[in-house]
Amino acid sequence: MHLLREFRYEQTDPARFYSALADDTAMMVAGLVSDPLDGKVILDVGGGPGFFADAFTARGARYLSVEPDAGEMSAAGLDQRTAVRAQGEHLPFRTGSVDVCYSSNVAEHTPTPWAMADEMVRVTRPGGTIILSYTLWWGPFGGHEMGLTHYAGGHRAVRWYTRKHGRLPKNLFGVSLFPITAAAGLQWARSTADAELLAAVPRYIPRFVWPVVHIPGIREVAATNLVLVLRKN
């Protein structure tokens, strides 16, 4: 509920929203990794302007991030000394070099999310943890700032948003926003030979609703955001 309230400020006061999201993400990752984060090398794929760095360093982690968009990296004017400009599909790190590799709300912004997921597995050390969290296209937040209009079609939602606001949306369908499903993520996670799927849970919704992730079709809408947790073989 706190994040839902803060989401209202995503466009007008991004620092407020993304700082709250960073704290939530760090808490989520800490809860999913079996050992404390203290001293662990954490790679954030799609780190954006840097709001997540403080949330992880406060927990003792050695934080690194990758972001392909130079404009996004400098958007908040934050210190980016641990950030690397690169694409998630081509991570400039050695195989098996990080303890935890995670990506939060990035997969829906790349046309090749499973190539990025494969790279995340590659750079994680054996026994390390991979956490991939992404917004489901058919969920209520699939259209991002375009609201529920994405149910009428991505391109139509862009036209309606532009007509209403006089500008293109930040997340442009077919360019920086792509339809992604829970079914595709689960298929990738179960088929990858280099990691074992430990958990697949919805994010941002109460625990008693989590069983929806096991119901095909319904999970695409009700899960809103899927978190895949894997352990590197």
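Peptide packing: for 101-108, 210-217, the average count of neighbouring Cβ atoms within 10 Å per residue gives the ranking 101-108, 210-217, highest mean first. Of all the options Asp99, Asp118, Asp38, the one that moves most in a Gaussian network model of the chain with Cα springs shorter than 10 angstrom is Asp38. Within the shell defined by Cβ-Cβ distances under 12 Å, the residues around Thr181 carry a net charge of -1, with Lys and Arg each +1 and Asp and Glu each -1.
Please figure out what share of the DSSP beta bridges in the chain is antiparallel and state it in percent, rounded to the nearest 5. Before the final figure, lay out each step's value.
On the way: 14 of 32 bridges.
Taking every DSSP beta bridge with both residues in the chain, the antiparallel ones total about 45 percent.
Secondary-structure-derived ellipticity at 222 nm for the chain, considering helices only, amounts to -9000 deg cm²/dmol, per-run term -39500 (n - 2.57) for DSSP H runs with n ≥ 4. Based on Cα atoms of the stretch 84-233, Rg over Rh with Rh as the Kirkwood radius reads 1.01. Computed over protein heavy atoms with a 1.4 Å probe, the carbon and sulfur contribution to the accessible area of the stretch 110-233 reaches 63%.
What dipole magnitude, in Debye to the nearest 20, does the chain give about its Cα centre under +1 on Lys/Arg Cβ and -1 on Asp/Glu Cβ? Please report the intermediate quantities before stating the final value.
Numbers: 23 positive and 22 negative charges, 93 e Å.
Roughly 440 debye for the chain.
With the simple spin-label model, which puts each label point 7 Å out from Cα in the Cβ direction, the Asp194 to Leu4 separation comes to 3.9 nm. Given springs between every Cα pair under 10 Å in a Gaussian network model of the chain, which of Ser133, Ser34, Ser97 has the largest fluctuation? Answer for the Gaussian network model of the chain: Ser34.
Spin-label model, Ser176 to Asn233: label points 7 Å out along the Cα-to-beta-carbon direction sit 3.8 nm apart.
Calculate the tail of P(r) for the stretch 94-155: the fraction of all Cα-Cα distances greater than 18 Å, expressed in %. When every Cα pair of the stretch 94-155 is considered, 45 percent fall beyond 18 Å.
Against the compact-protein benchmark of 2.2 N^0.38 Å, the Cα-based radius of gyration of the stretch 173-220 scales to 1.33.
The values are calculated or read from the model by the stated rules, or taken from the named source; none is laboratory data. Note that the structure is predicted; figures quoted are calculated from it, not measured. Here the Cβ is made from the backbone with ideal geometry for all residues, glycine too, and neighbour counts use every protein chain on show. Areas reflect the complete protein model, heavy atoms only, side chains present, ligands, DNA and RNA absent. Shrake-Rupley method; radii C 1.70, N 1.55, O 1.52, S 1.80 Å.
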